[in-house]
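Scroll down for the structure; my scribbles are underneath it.
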Amino acid sequence: MDLKKSFQQIDCNLNVQIPEIPQQSQDDIILPSICKQIEFYLGDANLSHDQFFNKHITENGYVPLDVFLKCNKIKKLMENYPKFQKGQLKILALALKRSKILKVDKLQTYVKRRKSFEQNDDYLDKRTIFIDNLPKDLSPQVLHEIFANVDAHILNAQVKKGYGFITFLNQESVQQAIKRYNNVCPKEILSRGIMMNDGLRVLTKEEWTQFKTEAKEIIQVLKPQGEQQQIENEVSVKLINIATTDLTPHEVRIAVSHCIQRQDIINVHLDKDLFCCTLKLANEENAAMLKYRIDRLRQYDIRFKDCRVL
């Protein structure tokens, strides 16, 4: 027995009835929420990656209103309204009358943006981070769970072999994620019994793209025209003039990862007596990149400020 019926029985002798919630009050609460949700579905951030809504946009930019009735969030908002489709379409059209960025057609069966959508890769790139040193079997769901601690509004989570990407709705979340998780072993991974040798390496996607571009340029240096060089074999390099007194191999690996991807550092052997360390790297491309970006290593940690690569 619900609360309303209980009160009606208690007050039956006095003929007191609990009034129904006015329809106008319900509309004042629900209709703005419906409008806001559909504005999100057709906003730049969502259309930049959402294939479902993109495939329903007609040549003149309209989306059928009945498409939104398939969305769980709209279904939840509409649960106290009529269940027949024609009535629900009228509710959606009524809700969208308040929108300043969307407009409904005369028959109230379609909606479109007032300003047409243009795909902009730069929009997403500025909201995307690159995460290196991920366990090989990590799922996108776990990666999403980790970075939802920074911002729950995540547009996309991708995981590949040893690395992944997170795209946030809010651009400011990128630097917050880097500050919180760079060089950190997240508890969401460790609590699942997954071992991590090093913390995550978190960069902006722009930094990652720059890194890949520089790597391609180095490949061209290593493979001049008319001469094919083998760069896929493992190679050893030596870092000299290091302050090794309190340095550990783990710290060397973290420092060098500011020059090359951490997964390409196969082994670190530290010789404290000779103030140097030997690195085994995945290929000659990594060795060349380390020499090219040695200033990053020197600036990252004062113990490497005088180091050189041999």
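Give me the percent of accessible area attributable to carbon and sulfur for the range 265-310, probe 1.4 angstrom.
Values: 1240 of 2600 Å².
Carbon and sulfur: 48 percent of the exposed surface of the range 265-310.
Give me a comma-separated list of calculated 3J(HN,Hα) values for the range 287-300, in order, Karplus coefficients 6.51, -1.76, 1.60 applied at θ = phi - 60°, integers in Hz, x for any Gly or Pro.
Going residue by residue, I get 4, 5, 5, 4, 5, 5, 10, 4, 4, 5, 5, 5, 7, 5 Hz, with x marking Gly and Pro.
Once you order the gyration tensor axes a ≥ b ≥ c over the Cα atoms, which shape class does the range 25-159 get: rounded for a/c under 1.5, otherwise prolate or oblate by comparing a/b with b/c? Intermediate values should be presented prior to the final figure.
Details: a/c = 2.50, a/b = 1.74, b/c = 1.44.
It is prolate, given that a/c is not under 1.5 and a/b is the larger ratio.
Taking H placed 1.01 Å from N in the peptide plane, check which residues at least 5 places from Y110 or on another chain put their amide H under 5 Å from its amide H.
Distant-sequence amide H within range of Y110: L65, D105.
What does the C-alpha gyration tensor say about the overall shape of the range 42-101? Classify as rounded when a/c is under 1.5, otherwise prolate if a/b is larger than b/c, or oblate.
Working: a/c = 1.81, a/b = 1.63, b/c = 1.11.
Taking the square roots of the gyration eigenvalues as a ≥ b ≥ c, the range 42-101 is prolate.
Could you look at the range 87-166 and say what percent of its accessible area is carbon and sulfur, using a 1.4 Å probe and all protein chains? List each step's numbers first, then the result.
Working: 2100 of 4470 Å².
Answer for the range 87-166 is 47 percent, counting heavy atoms of protein chains only.
Using the Cα gyration tensor of the range 170-209, with a ≥ b ≥ c the square roots of its eigenvalues, what is the shape: rounded (a/c below 1.5), prolate (a/b larger than b/c) or oblate (neither)? Can you show the working numbers first?
Details: a/c = 2.98, a/b = 1.90, b/c = 1.57.
Here the range 170-209 falls in the prolate category.
Take C185 and I101, extend 7 Å from each Cα along the Cα→Cβ direction, and tell me the distance between the two endpoints in nm.
4.3
Per residue, how much accessible area does the range 27-92 show when a 1.4 Å probe rolls over the protein heavy atoms, in square angstrom? It would help to have the intermediate numbers written out before the result.
Numbers: 3690 Å² over 66 residues.
Heavy-atom accessible area per residue stands at 56 Å².
Going through the cross-link list K136/K205; K115/K161; K83/K126, which pairs have a Cα-Cα distance over 30 Å in this structure? Write down the numbers at each step before the final one.
Working: K136/K205 20 Å; K115/K161 39 Å; K83/K126 42 Å.
Correct reply: K115/K161; K83/K126.
If amide H atoms are built 1.01 Å from N in the plane of the peptide, which residues on other chains or at least 5 residues away come under 5 Å of the amide H of S257?
Placed amide hydrogens put nothing under 5 Å from S257.
Let's test the formula: R0 of 45 Å, r as the Cβ-Cβ distance of A152 and E234. What FRET efficiency results, to the nearest 0.05? List each step's numbers first, then the result.
Values: r = 42 Å, r/R0 = 0.93.
According to the calculation, E is roughly 0.60.
The values are calculated or read from the model by the stated rules, or taken from the named source; none is laboratory data. Keep in mind that this is a model prediction, so the values were computed, not measured. Cβ sites come from the backbone with ideal geometry, for glycine too, and all protein chains shown count toward neighbours. The accessibility values were calculated without ligands, DNA or RNA, using every heavy atom of the protein model including side chains. Shrake-Rupley method; radii C 1.70, N 1.55, O 1.52, S 1.80 Å.
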